[in-house]
Amino acid sequence: MAIKSIIGATCICLAVASFNASAALIGVLPATPGGTDYQAYYDDAADLTWLANANAVADQMSWSAANDWAASLNVEGVTGWRLADTLQLDASCDIQDASGSYGYNCTGSEMGNLFYNVLGGSAGISISIVHNANYDLFSNIQDDDSYWTATEWELIESNAWMFNMGSGTQHPFNKKDVLYYAWAVHDGDVSADADDDGVVDIIDNCTLVPNPAQRDTDSDGFGNICDPDFDNTLVVNASDLAYLKSMFFTTDPHADLDGSGFVNAGDLAILKTMFFGPPGPSGLVP
Ligand SMILES: [Ca+2]
Ligand SMILES: [Ca+2]
Ligand SMILES: [Ca+2]
Ligand SMILES: [Ca+2]
């Protein structure tokens, strides 16, 4: 009975802890397959994935260098990273004037939302002092310094918006002269795999059909198994059917939708199910 009540008490503590966290963060992209050494965390409220290392470059950079770094990032095959966006105008900011929306409490910006809502920060206080349990999931948060965001300042083109983790403020600064840190973020859940084929949605060339080999013989970003659009008009119709018919019983790679090595009834069946529809959907084609 004693053991049972201890287990019961532990469960209540865990439940309270997760209830207090403002946003649930889900570990993704483990460095070890199946492991818990997550390299990024998905925020399901904002639908954003943040890199676990908040200072992966280990240096401050100009605005353009910071953007270039994020755009070139590849984590376990996942590309398409960027710096966070700053919302303008943003009614949640404590200062609104001709310069725009800035100062404290700008939760419309992605870093402001991270600071206040995800990490539990407080205006005017370093994130290292006031935060919730989510803070400990990340490493190297520059808690007394600033990060570049992707957003340029509309008023003066040579400036872009930064966010300061030491105070929870955002301001525009000169893109070239000022050096700040970079923290990469990605739209959506980079670990989602709707068809469970081991290829995550954002890089799966047929997100709804299992195709681990990702065969795409015409290299248009739609895998063959969901691409009976042979003439690339973005609709599967009579001209595509005519092409498949002309290739029937041949080894034409494009009309071989299922990769069986031959163009036959299996490929025709795929074309039929997609008739009058678009190719895809593909994570590689917006
Ligand atoms: Ca998939
Ligand atoms: Ca697939
Ligand atoms: Ca294709
Ligand atoms: Ca075939």
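Observations on the model:
- Checking Asp267, Asp256 one by one, the residue that is in contact (Cβ under 8 Å) with a residue 12 or more places away in the chain, within 14 Å of ligand 4 (Cβ to nearest atom) and not in a loop (DSSP other than H, G, I, E, B) is Asp267 and no other.
- Criterion violated by Asp216 - all others in (1) in contact with a helix residue (DSSP H, G or I) (Cβ under 8 Å, 6 or more places away or on another chain); (2) away from ligand 4 (no atom under 15 Å from the Cβ) satisfied: (2)
- Of the residues in the stretch 225-239, none is more than 9 Å from ligand 1 (Cβ to nearest atom), crowded, with 21+ Cβ neighbours inside 10 Å and closer than 30 Å to Ala45 by Cβ.
- Restricting attention to the stretch 160-190, the residues that are assigned to a strand (DSSP E or B), polar (S, T, N, Q) and either surrounded by fewer than 24 Cβ atoms within 10 Å (Cβ to Cβ) or touching a Lys or Arg at 6+ places or on another chain (Cβ under 8 Å) (or both) total 3.
- Scan of the stretch 116-138 for residues that are over 16 Å from Gly103 (Cβ atoms) and in a helix (DSSP H, G or I), ordered by number: Asn117, Val118, Ala133, Asn134, Tyr135, Asp136, Leu137
- Only one entry of Ile225, Ile141, Ile202 meets the criterion of being aliphatic (A, V, I, L, M) and not in a helix (DSSP H, G or I), and that entry is Ile141.
- Hey, Asp195 within 16 Å of ligand 1 (Cβ to nearest atom), among the charged types (D, E, K, R), in a loop (DSSP other than H, G, I, E, B) and within 27 Å of Arg82 (Cβ to Cβ) or not: yes
- Residue-level check: of (1) within 16 Å of ligand 2 (Cβ to nearest atom); (2) among the aliphatic types (A, V, I, L, M); (3) under 30 Å from Ile127 (Cβ atoms), Met162 misses just (1).
- When the residues of the stretch 178-218 are filtered to those that are of a type in the set (Asp, Glu) and within 16 Å of ligand 3 (Cβ to nearest atom), the one that is nearest to Ser109 (Cα to Cα) is Asp204.
- Taking the stretch 257-286 as the range and being within 13 Å of ligand 3 (Cβ to nearest atom), crowded, with 17+ Cβ neighbours inside 10 Å and among the small types (Gly, Ala, Ser) as the test, the residues that pass are Gly280, Ser282.
Where a number appears in this text, it was derived from the coordinates with a stated rule and is not lab data. Just so it is clear, the model here is predicted, and its values are computed rather than measured. For neighbour counting, all protein chains shown are included, and Cβ atoms are generated from backbone atoms with ideal geometry for every residue, glycine included.
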